[in-house]
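The values are calculated or read from the model by the stated rules, or taken from the named source; none is laboratory data. Computed from a predicted model, the values in this text were never measured in an experiment. Positions of Cβ are backbone-derived with ideal geometry, glycine not excepted, and every protein chain shown enters the neighbour counts.
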Number of protein chains: 6
Amino acid sequence: MRLLVANPNTTQAVTDRIAATARAAASPGTEITAVTARTGPEYIATRAEAVLGGVATLEMLAEHADGMDAVVVAAFGDPGLGGARELLSIPVVGMAEAAMLTACMLGRRFAILTFAVALEPWYQECVDYNGLAGRCAGVFCLDEPFSAIINVAAEKAERILSLTERAIAAGADVCILGGAPLAGVAAEIADRVRVPLVDGVAAAVKQAEVLAALNPRKATAGTFRRPGAKSMIGISPALARLFAG
Amino acid sequence: MRLLVANPNTTQAVTDRIAATARAAASPGTEITAVTARTGPEYIATRAEAVLGGVATLEMLAEHADGMDAVVVAAFGDPGLGGARELLSIPVVGMAEAAMLTACMLGRRFAILTFAVALEPWYQECVDYNGLAGRCAGVFCLDEPFSAIINVAAEKAERILSLTERAIAAGADVCILGGAPLAGVAAEIADRVRVPLVDGVAAAVKQAEVLAALNPRKATAGTFRRPGAKSMIGISPALARLFAG
Amino acid sequence: MRLLVANPNTTQAVTDRIAATARAAASPGTEITAVTARTGPEYIATRAEAVLGGVATLEMLAEHADGMDAVVVAAFGDPGLGGARELLSIPVVGMAEAAMLTACMLGRRFAILTFAVALEPWYQECVDYNGLAGRCAGVFCLDEPFSAIINVAAEKAERILSLTERAIAAGADVCILGGAPLAGVAAEIADRVRVPLVDGVAAAVKQAEVLAALNPRKATAGTFRRPGAKSMIGISPALARLFAG
Amino acid sequence: MRLLVANPNTTQAVTDRIAATARAAASPGTEITAVTARTGPEYIATRAEAVLGGVATLEMLAEHADGMDAVVVAAFGDPGLGGARELLSIPVVGMAEAAMLTACMLGRRFAILTFAVALEPWYQECVDYNGLAGRCAGVFCLDEPFSAIINVAAEKAERILSLTERAIAAGADVCILGGAPLAGVAAEIADRVRVPLVDGVAAAVKQAEVLAALNPRKATAGTFRRPGAKSMIGISPALARLFAG
Amino acid sequence: MRLLVANPNTTQAVTDRIAATARAAASPGTEITAVTARTGPEYIATRAEAVLGGVATLEMLAEHADGMDAVVVAAFGDPGLGGARELLSIPVVGMAEAAMLTACMLGRRFAILTFAVALEPWYQECVDYNGLAGRCAGVFCLDEPFSAIINVAAEKAERILSLTERAIAAGADVCILGGAPLAGVAAEIADRVRVPLVDGVAAAVKQAEVLAALNPRKATAGTFRRPGAKSMIGISPALARLFAG
Amino acid sequence: MRLLVANPNTTQAVTDRIAATARAAASPGTEITAVTARTGPEYIATRAEAVLGGVATLEMLAEHADGMDAVVVAAFGDPGLGGARELLSIPVVGMAEAAMLTACMLGRRFAILTFAVALEPWYQECVDYNGLAGRCAGVFCLDEPFSAIINVAAEKAERILSLTERAIAAGADVCILGGAPLAGVAAEIADRVRVPLVDGVAAAVKQAEVLAALNPRKATAGTFRRPGAKSMIGISPALARLFAG
């Protein structure tokens, strides 16, 4: 099975971290191809940056999805996910979506934990968009500086531990580590957390494997049927081909 | 990986059908053990029957869960699921829960299709319990007799096709076949349905594999920590051991 | 009027407490028959224990409901209530349901107060199941040991008082004392609480009287019509008769 | 026990109908005093008319509530209910509120049936105000003329029967007859309806009896504590006394 | 353009304050006519007082709406708004409604800030009535005495500042100053508040201008069509004319 | 007052139509500058196309917002709105958002009417995103071909009339014409529609005027404070300046 893991952020070192976590989670026989956005911010934290990330996602899929069995959109917040699901014939899963739905099988209410308060609104809107506000005990964020985005995992793993206790006190049965820069951190600290801990990248890879294995047909009805062809201007040839179908 | 698939209905032939579908869906290396309830109705269709099914689920898990990596509660409606999740240290997933959460990655709104109107209230309450009413386009039921519960799949596959069109007209992006007696039917008709079709048993097996692979710790906090020990009377020795922990 | 008050817990002394509170609340001419579960835990506190309580409820009704005018399921959380309502031709009311609906006529938002944190998830799920989350200001629990379940009322009445102030601060207009072991406590402390206080047993008895007096017909349509007959195995003769109708 | 049944409409003949139904529903020993609004429309059907009804309710309570044990606001839609509950020290219950909460103990979803489409928005807002939209299968209205408001019961009883089938098809487990002019109709047709039928007046009387029997204290905290005294102009002496406390 | 600004409170000095704020907010060419209720409390703070305010609103509109282009109901909580919208052929906007809808264009979640805890339940019910609970971060109230209602603005402006920080901490993107006695305060303190601040009177005037400019037709269908004529007693001639249409 | 009206579609003729409607709706003294996206589809109809539209919106604002008093995002569905609101210091309003919030002051429930079924999912998600599903009676779409996007208004005005009756039957108090190609159609047919009709462009222009007049400060707290600076690659110089602040 071949999975495309597309990082809508433009930091290659974060993609490397994602790829390592994805490969650790993948089943034997699953091949991971990880790609990095070529436009946009070093990491996406806000609605404005997610606008850029949405196009970056579609660009990556336009260039790399051929021959894949499923795709992971590897930024928590899932930029461009709905559009990608319309356009592609293979399953597409978002990191936030996959983490939340997986968490729903491990507890009544999940919490999302991340490394910067700037991410809270975008994550909360993602919870709402998925219709899962009733299952969410809150988004809990560290509010302190970090030296660089790629150092977040190393610098903040211990601090994330304290967030888990705040989340549990707020009613969480399970905690999700959101934010691609935190990929892999769950495995390091899980045995010191009192509830199950979900790694967004690992959950997304497993769910992409599920969808690829179930091999659903591309919808020709419903809201994820392919959009009709339209005249387009000013977009890349790859994107134009993707939209043309 | 070893999965226990516990059928809370008392019809062995339905268990056989579930087991065949489970094995077809399982990854290489996944071993399926399928067991049948020893008490209760031939198939569960109503709230009253689900009360019996809840205990039957716990009884089966008490007897067969040792040495397993995860458990599937294989009746759509998930009788006893919450209790099982409290008591066991390994992941437990319900067939309805797994099917709905999987469907959420394939579309905005899912429909549940089944073979008898008697099942509608129980299924609808299950949707509500999971907090997924906002993602559900409806529960659609055939309203016509069948010769015997084990013949439902053979007799009704074509009729289920017509339900998919009703569901699509009502806004469904994806259809779930609910009801263990329909296990395996999705594979037979999927290429004639205009949206992705989810088999409850297949989805549950795949999700149980995901959870077993992620290997989450047993919660010691939150609402799925183990219940404290209590004095119990009138229950089977196996159940007593399960509750004693 | 004859009311059956069925305690799904197996502690006779709690039943005695329930019965005394029920008789104090009953109208002249109402005769209370109180029975105790013969299987399950000394008291129900969790989802897993409530699975056992659901069957215990149906068993008690199977044996004792004949000749009654209405039934009270006397554990807060209402185990087996939906099933009982399907099977019986007389009204059935749950203690939690009755207390919450009664409280809705005394204020905008109610709080549920109880004696142990273990009960919180089950009670919260009961609020949600009744569609009353928007009317609920929270479930407030003591978090401290008690010597034995039957001593809870004597030991904790004063401590419950402090919970009422927490509930009022959280927006409660009315407080419900949940948990059968607290039956009768409301009457002792009501004059020291600043908002109306609802005793679950008293509310349930009064609502059972209402329903018996209104004497509604047994539904032959809708989701509480009687389930169709099914082949059953491994259940008690009384239960078999109840299901057979 | 003494109950005040206050009809916020100005048609005495409707009050007579309400009073007869109330007395038929009341327990032995309950004395019903029925009064009629002295200002406003012959019957309330719209939001604008309900504004008048709200004041009429408070006026009637100001004049007649002394010495009563509880009050029924006897127009479906409950004009002035919240205000009355703030001002009075005895329980106040609305006809719509009581009917809906009673119906919740007889089924999963209730329908409200009435005699004129003009009433639909007001009733729907009342459902929403009570936070019970999730329990309501719809408001179903006859759309045909009637000779006079007092003749509605006689002219429309048979036509209401056909509405019950529409409501059942829409998912209702129980039907409520809303609208004071329909008081007493439920008893006439209940044996021909396939689900339980709730008479708004009867339900309100029984619930007022419940609240009077439970004898809750007047809140001194929460949102139904008495309003502080304020300077008032242009209101009747009775109303001024009621507000002055 | 001519706007009627109707103050349902009976304090002329508050009307003067409202009128000054309204004129400051109005576009060139907009003429403001401000009127004061002739019956009811000095200021409306509770559900009971709002019942009086609803009739006062209709009375003022009956006397003064002729020749106007739109109407503002100038008490936060919008007493009588729905009824006024049914009866009048010109647009009617409520101060709370306008402030909340305007705030929705300035942020994800708004907070309502006011000068007395007595107002909280009425304001919260108004949020709920508008279906905007999901957009509301809370109602925040000062809990301290004031010398007289007309002095509130002068005495409490600084104290309101501290409430804005509480609201921001609770998730507010924008703050609304609710309560007619606070009209004009927003302009005084806005530059010291970290999020946009909405003055209820200013927002209502601007929205009334919008609606008057759009000049929508009076509905002859839907729930705001005019009520049919009914026999009315005991109401003022002006009100009788308004209802007669 | 200067308003920028940014059309995220790439069809200049649609921009011309929008501009004409905007100028007709604008107050004296309001100057409208209308610009057209330089990248993306001829018109946006789906989630995938909206991803492109989001970036096109930010590009247009980056180039043209300087010196403006407020901005209108002139595609129903509001692509890029949240991001734009974070980045700009002047008010930004979306056409769908403005139309829905305006409609809320004209009725209890609004319907959205448009010219193609392809638009339904995107519009529905926009309703949900705004938290207004409870105020929405549905999205109603023509399901028939049109010769070219710029001819939609001329070809479909009469057909839209029939949709208004379907919307009214479904409970709509007010109808919104969604979709920039329908700009101006409301004015042509409003006198034949039985409920108020809202033109998206006109509503957005009026609301932009409101916000510009209220002149709210740029948030420095809450979720619409400006994003912190980040390293960006592969974006236009104008966009880079916009993000740099």
Those residues of the stretch F:17-44 which are closer than 20 Å to F:Leu58 by Cα and of a type outside the set (A, V, I, L, M), in sequence order: F:Thr33, F:Thr36, F:Arg38, F:Thr39, F:Gly40, F:Pro41, F:Glu42, F:Tyr43
Residues located in the stretch E:110-123, provided they are more than 8 Å from every other protein chain (Cβ to nearest Cβ) and over 28 Å from F:Pro196 (Cα atoms): E:Ala111, E:Ile112, E:Leu113, E:Thr114, E:Phe115, E:Ala116, E:Val117, E:Leu119, E:Trp122
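Results for (1) within 11 Å of chain F (Cβ to nearest Cβ); (2) at positive phi; (3) not polar (S, T, N, Q), shown as yes or no for each residue.
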{"residue": "A:Leu3", "(1), (2), (3)": "no, no, yes"}
{"residue": "A:Thr11", "(1), (2), (3)": "yes, no, no"}
{"residue": "A:Arg47", "(1), (2), (3)": "yes, no, yes"}
{"residue": "A:Leu61", "(1), (2), (3)": "yes, no, yes"}
{"residue": "A:Leu88", "(1), (2), (3)": "yes, no, yes"}
{"residue": "A:Met95", "(1), (2), (3)": "no, no, yes"}
{"residue": "A:Thr102", "(1), (2), (3)": "no, no, no"}
Just for the stretch C:135-151: of the residues that are surrounded by 21 or more Cβ atoms within 10 Å (Cβ to Cβ) and within 14 Å of chain B (Cβ to nearest Cβ), which one is modelled with the highest pLDDT? C:Val139
Can you tell which of C:Arg47, C:Arg23 is in contact with a Phe, Trp or Tyr (Cβ under 8 Å, 6 or more places away or on another chain) and not assigned by TED's automatic domain parsing to the domain that holds C:Ala148? C:Arg47
Checking B:Glu155 against (1) at pLDDT below 95; (2) away from chain C (no Cβ under 11 Å); (3) in contact with a Ser or Thr (Cβ under 9 Å, 6 or more places away or on another chain); (4) surrounded by 17 or more Cβ atoms within 10 Å (Cβ to Cβ), which single condition isn't satisfied? (4)
Just checking, how many residues over the stretch E:1-15 are farther than 30 Å from D:Ala62 by Cβ and under 15 Å from the mean Cα position of the chain (by Cα)? 3
Among the numbered criteria (1) surrounded by fewer than 20 Cβ atoms within 10 Å (Cβ to Cβ); (2) in contact (Cβ under 8 Å) with a residue 12 or more places away in the chain, which one does F:Leu132 miss? (1)
Quick one: which helices (runs of 4 or more DSSP H) sit completely within the stretch B:147-245 and have at least 2 residues that are more than 21 Å from the chain's Cα centre (by Cα), over 24 Å from B:Gly94 (Cα atoms) and without any contact (Cβ under 8 Å) to a residue 40 or more places away in the chain? B:152-169
Filter result (within 11 Å of D:Ala208 (Cα to Cα) and acidic (Asp, Glu)) within the stretch D:60-94: D:Asp69
Log entry, pairs with first residue in the stretch D:53-77 being under 20 Å from D:Ala183 (Cα atoms), second being surrounded by 24 or more Cβ atoms within 10 Å (Cβ to Cβ) and among the charged types (D, E, K, R), beta carbons closer than 9 Å, six or more apart or on different chains, reads D:Thr57/D:Asp78; D:Ala70/D:Glu209; D:Val73/D:Glu97
Working carefully through the options C:Ala74, C:Ala56, find the one that is under 14 Å from the mean Cα position of the chain (by Cα), within 22 Å of C:Gln12 (Cβ to Cβ) and within 10 Å of chain B (Cβ to nearest Cβ). C:Ala56
If D:Glu42 satisfies every condition in (1) farther than 23 Å from D:Asp199 by Cα; (2) at the interface with chain E (Cβ under 10 Å from one of its Cβ atoms); (3) among the acidic types (Asp, Glu); (4) surrounded by fewer than 24 Cβ atoms within 10 Å (Cβ to Cβ) but one, which is the exception? (1)
Please go through the stretch E:17-52 and pick out each residue that is over 26 Å from E:Glu120 (Cα atoms), touching a helix residue (DSSP H, G or I) at 6+ places or on another chain (Cβ under 6 Å) and part of a helix (DSSP H, G or I). E:Ala25
Determine whether A:Val195 is within 12 Å of chain B (Cβ to nearest Cβ) and either small (Gly, Ala, Ser) or closer than 22 Å to C:Gln124 by Cβ (or both). yes
Just a yes or no: is a residue in the stretch D:198-205 in contact with a Phe, Trp or Tyr (Cβ under 8 Å, 6 or more places away or on another chain) and among the charged types (D, E, K, R)? no
What number of residues within the stretch D:75-90 satisfy the criterion of being touching a Pro at 6+ places or on another chain (Cβ under 7 Å) and farther than 23 Å from E:Glu120 by Cβ? 1
Odd one out for D:Gln124 among (1) farther than 17 Å from D:Met95 by Cβ; (2) assigned to a helix (DSSP H, G or I): (1)
Condition set at the interface with chain A (Cβ under 7 Å from one of its Cβ atoms) and surrounded by fewer than 19 Cβ atoms within 10 Å (Cβ to Cβ), scope the stretch B:200-231, selection farthest from B:Glu86 (Cα to Cα): answer is B:Arg217
Taking the condition of being acidic (Asp, Glu), over 25 Å from C:Glu97 (Cβ atoms) and outside any loop (DSSP other than H, G, I, E, B), how many residues in the stretch D:56-103 meet it? 3
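Let's see how each residue does on (1) buried (at least 24 other Cβ atoms within 10 Å of the Cβ); (2) in contact (Cβ under 8 Å) with a residue 24 or more places away in the chain:
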residue: A:Ala13; (1), (2): no, yes
residue: A:Arg23; (1), (2): no, no
residue: A:Ala37; (1), (2): yes, yes
residue: A:Ile90; (1), (2): no, yes
residue: A:Met95; (1), (2): yes, yes
residue: A:Thr102; (1), (2): yes, yes
